[in-house]
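Below: one structure, written as structure tokens.
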Amino acid sequence: MTISQTKTLTIPVIDANQENIKPYGYLLGDDVSKPGLGIPFYQERVLEGENIDFSYRGTATFRTAKIMPGYPNIVWLERHMHMTQMFIGLGQSPFIMVMAPPNHDNDNQKLPNLNQVKALRFPAGHGLLLHLGTWHDFPIACETPVVILTANSDEVVTALSRMKEPGEMNQGDVYKISLPKRLGYEIQLDVE
């Protein structure tokens, strides 16, 4: 199905917090989750948190990417069904994630619900662990460049790097759609 005319959906950018991130994943920040893990070493100076539930298929891949500032219109969303992808902002710059909640359990939906799309701004030094199936675009830098540490699976990185040009894809645990083509929309951020 191809939509003939593209409309623009403008969404506000809001600050991420423990509550508003729940439909998409888990906020990773400046505190440990559920402290008290019983590791007996360094107990006087280290508060151990629980394991982060990063799951993947195959081999884990960790890499960094430097994102230049700017607020592009969002024309792609993707999801992963075998990986809880993680993005962590390194350094002193915040970043934005555009996301829609997973909907694959609702009659195996193949498209995101644009009524549920949010743009969340993560403070410097914070990150998120996505739920399986969360629709998302790649992080966006705000006013200054940001370096992102990404936890992926090798099959996702391989599938993306084999693309000769931007296009929809359904391979290597990447299901990426064109919003203009599939839904007749692109997303614009209202950053004020």
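Looking at Asp137, Asp173, which one is closer than 17 Å to Pro102 by Cα and touching a helix residue (DSSP H, G or I) at 6+ places or on another chain (Cβ under 6 Å)?
Working: Asp137 fails: touching a helix residue (DSSP H, G or I) at 6+ places or on another chain (Cβ under 6 Å).
After applying the criteria, what remains is Asp173.
Any residue at all in region 166-176 that's in contact with a Ser or Thr (Cβ under 7 Å, 6 or more places away or on another chain), on the phi > 0 side of the Ramachandran plot and of a type in the set (Asp, Glu)? Even if it seems obvious, please write down each step before you answer.
Looking only at region 166-176, we keep the residues that are in contact with a Ser or Thr (Cβ under 7 Å, 6 or more places away or on another chain), and these are 168, 172-173.
Narrowing the set further to residues that are on the phi > 0 side of the Ramachandran plot leaves 172-173.
Retained after the next criterion (residues that are of a type in the set (Asp, Glu)): 173.
Yes; the residues of region 166-176 include at least one that is in contact with a Ser or Thr (Cβ under 7 Å, 6 or more places away or on another chain), on the phi > 0 side of the Ramachandran plot and of a type in the set (Asp, Glu).
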Log entry, pairs with first residue in region 176-192 being among the small types (Gly, Ala, Ser), second being buried (at least 18 other Cβ atoms within 10 Å of the Cβ), beta carbons closer than 8 Å, six or more apart or on different chains, reads Ser178/Trp76
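Please verify whether Thr2 is over 24 Å from Met83 (Cα atoms), in contact with a strand residue (DSSP E or B) (Cβ under 7 Å, 6 or more places away or on another chain), at pLDDT below 95 and not hydrophobic (A, V, I, L, M, F, W, C), treating the condition exactly as stated. Walk me through how you get there before you give the answer.
Details: over 24 Å from Met83 (Cα atoms): yes; in contact with a strand residue (DSSP E or B) (Cβ under 7 Å, 6 or more places away or on another chain): no; at pLDDT below 95: yes; not hydrophobic (A, V, I, L, M, F, W, C): yes.
When the stated conditions are applied, Thr2 does not pass them.
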Failed condition for His80, given (1) surrounded by 12 or more Cβ atoms within 10 Å (Cβ to Cβ); (2) of a type outside the set (A, V, I, L, M); (3) touching a strand residue (DSSP E or B) at 6+ places or on another chain (Cβ under 6 Å); (4) modelled with pLDDT of 95 or more, with all others met? (3)
With the condition kept exactly as written, say whether any residue in region 35-48 is surrounded by 11 or more Cβ atoms within 10 Å (Cβ to Cβ), touching a strand residue (DSSP E or B) at 6+ places or on another chain (Cβ under 7 Å) and among the acidic types (Asp, Glu). no
In region 133-145, is there at least one residue being modelled with pLDDT of 95 or more, in contact with an Asp or Glu (Cβ under 9 Å, 6 or more places away or on another chain), small (Gly, Ala, Ser) and closer than 18 Å to Asn115 by Cβ? yes
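Kindly provide the set of residues from region 59-105 that are under 20 Å from Glu186 (Cα atoms) and in a loop (DSSP other than H, G, I, E, B), ordered by number. Explain how you work it out, then say what you get.
Our first condition is that a residue be under 20 Å from Glu186 (Cα atoms); within region 59-105, this holds for 69-79, 95-103.
Gly70, Tyr71, Pro72, Asn73, Val75, Pro101, Pro102, Asn103 - these are the residues of region 59-105 that are under 20 Å from Glu186 (Cα atoms) and in a loop (DSSP other than H, G, I, E, B).
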Just to check your reading of the model, which residue among Ile96, Ile88 is under 20 Å from Arg121 (Cβ atoms) and in contact with a Gly (Cβ under 9 Å, 6 or more places away or on another chain)? Ile88
Quick check: anything in region 24-34 assigned to a loop (DSSP other than H, G, I, E, B), in contact with an Asp or Glu (Cβ under 9 Å, 6 or more places away or on another chain), surrounded by 13 or more Cβ atoms within 10 Å (Cβ to Cβ) and not acidic (Asp, Glu)? yes
Is there any pair linking a residue in region 48-66 that is more than 28 Å from Gln92 (Cβ to Cβ) and modelled with pLDDT of 90 or more to one that is small (Gly, Ala, Ser) and surrounded by 14 or more Cβ atoms within 10 Å (Cβ to Cβ), with Cβ under 9 Å and at least six apart or on different chains, and which? Tyr56/Ala151; Tyr56/Ser153; Arg57/Ser153; Gly58/Ser153; Thr59/Ser153
Determine, yes or no, whether Leu130 is within 16 Å of Ala16 (Cβ to Cβ), crowded, with 20+ Cβ neighbours inside 10 Å and in contact with a His (Cβ under 8 Å, 6 or more places away or on another chain). yes
Among strands (runs of 3 or more DSSP E) lying entirely in region 113-192, which contain 1 or more residues that are more than 13 Å from the chain's Cα centre (by Cα)? 146-153, 169-171, 174-178, 185-190
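The values are calculated or read from the model by the stated rules, or taken from the named source; none is laboratory data. Keep in mind it's a predicted model, so treat the numbers as computed, not measured. We place every Cβ from the backbone using ideal geometry, glycine too, and count neighbours over all the protein chains shown.
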